[in-house]
Each structure stands twice: as structure tokens, then as C-alpha cells.
Amino acid sequence: MTLNTFKLAVLVSGRGSNLQAIIDSIEKEELDADISIVISNTKDAMALSRAERHNIKTTFINPADYLSKRAFDTALIEKLKEYPIDLICLAGYMRILGEEVIQTFKEKIINIHPSLLPAFPGLNSQKQAIEYGVKFSGCTVHFVDSGIDSGPIISQTVVPIYDNDDEKSLSERILEQEHHLYPKAIKMVKENQIKINDRTVTHKTR
């Protein structure tokens, strides 16, 4: 690692499989980056244990310690500012970021979502896709804005929906593709391969 290494912060709430995919990509030298901090709003998140096994610094910010969502967001901003950070990655982070967080780190926060946005934003996307009867779903990496899964789209992967799929089987296949897509999208941002124009992300030609 050098002083100029691209620095990440990863926000988590649960098991952290996408965090692990990012860690693995870094350790395989497929992604030239370093995780400065992993922050969880859930004390016993498996993601924290994953990070600690790789000697990555972690912290838990307890929402119950704050009287309001805004106070929590302020604490989150203060914690993030303690570290060198080029990009913030949401990896199963189950809180909606407030406007202050989004504006403080404008165009420096990305998220991965288990659908082909703008279809099926929010929770239970795989269930929504099956119930709607679509034949394809997938996953999307996008910049975070003040809406729900509504920010400019960086990259997507398509996953077919089979007649015998249920929410569990579709979720598993989409998650497998998330683990490939997220590190690649981070690499695009890191290597300045994309440009944001209003809500459209264009990929630069070399």
C-alpha cells in the first residue's frame, strides 16, 4: 500500500458478503484500493467480524445513542472525516442516508441494489420481480442521491428469472453477480473511467 492508494469506507448492517467481495478483490490485486474503515449501525453485524479478520479498522455507531436521525448522521459524518476517504461504498447498509451526509460526500457514495433499476427500488426487490412476472432481473451499482435507489447508474448485470425461481433462489443468483459487479464498478470510479452528467453516467473512451 502506498500513500496514494485509493481509500474506501464501507457502510454495513448485516453479513457483509459484498464487503468480503471487495476485500477479496483487493487482496487478489484486482482492485488497487484500501479500506480505511468499516462502519456498522448494527453491533453484531457479521460484516464487522469479516473486516476484523483482515485487520481492517471497524466501528459501530449505535442509532439508539442519538435523539434524532440528523444527530446520527452528524456522528456518521464526523467519523468518516477522521479517515482519508475517496469513495464510500454501501454494502447492505440498512439505513437511509440523510441529505447532510449525501451533500457532504457528494458524488462520492455508491450503492449496490439487487434489481435492474429503476425497476423495483427499495426493499424485497427479488420478491417484487417474481410477483410482477418479469423475465429478467439483476443488480445495479449507482451513485447515491436523496431518493430511494434513484441515483445515476454506473453499471448493471442482467440475471434471468426462471419459471421455478422463488425469492431465495433468485436472490442467491443475483448476489453471486453482485460480488463480481461491485468491485468492477469501484475500479471504474477509481480509474476515473466514468463521468456524471445530470443523472446520466457516461463511460469514457480511452
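A compact table of results
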{"read-out": "For Ile35, distant residues with modelled amide H under 5 Å away", "value": "Leu8"}
{"read-out": "Loop-located GluC sites (Glu not before Pro) in region 102-171 whose Cβ has at most 14 other Cβ within 10 Å (DSSP)", "value": "Glu107"}
{"read-out": "FRET efficiency estimate (nearest 0.05) - Cβ-Cβ, Ile148 to Asn192, R0 35 angstrom", "value": "0.80"}
{"read-out": "Proximal aspartates and glutamates relative to Lys184, as straight alpha-carbon distance under 15 Å, when same-chain residues fewer than 8 apart are discounted", "value": "Asp24, Glu27, Glu29, Glu30, Asp32, Asp34, Glu176"}
{"read-out": "Sequence-distant aspartates and glutamates (8 or more away, or on other chains) whose Cα lies within less than 12 Å of Lys108", "value": "Asp86, Asp145"}
{"read-out": "Percent carbon-and-sulfur accessible area, region 89-206, ignoring ligands, DNA and RNA, probe 1.4 Å", "value": "51 percent"}
{"read-out": "Label-zone membership for region 49-82, site Leu123, 7 angstrom Cα→C-beta point, backbone N under 19 Å", "value": "63-64, 69"}
{"read-out": "Over the chain, relative contact order from alpha-carbon pairs under 8 Å, at least 6 apart, %", "value": "18 percent"}
{"read-out": "Cleavage-rule hits, chymotrypsin sites (Phe, Trp or Tyr not before Pro), region 108-206, DSSP coil, Cβ neighbours within 10 Å at most 11", "value": "Tyr162"}
{"read-out": "Cleavage-rule hits (GluC sites (Glu not before Pro)) in region 3-99: DSSP loop, at most 16 neighbouring Cβ within 10 angstrom", "value": "Glu29, Glu30, Glu82"}
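The values are calculated or read from the model by the stated rules, or taken from the named source; none is laboratory data. Not measured: the values here are computed from a predicted model. Neighbour counts run over all protein chains shown; Cβ positions are idealised from the backbone, glycine included. Calculation scope for accessible area: heavy atoms of the full protein, side chains included, ligands and nucleic acids excluded. Shrake-Rupley method; radii C 1.70, N 1.55, O 1.52, S 1.80 Å.
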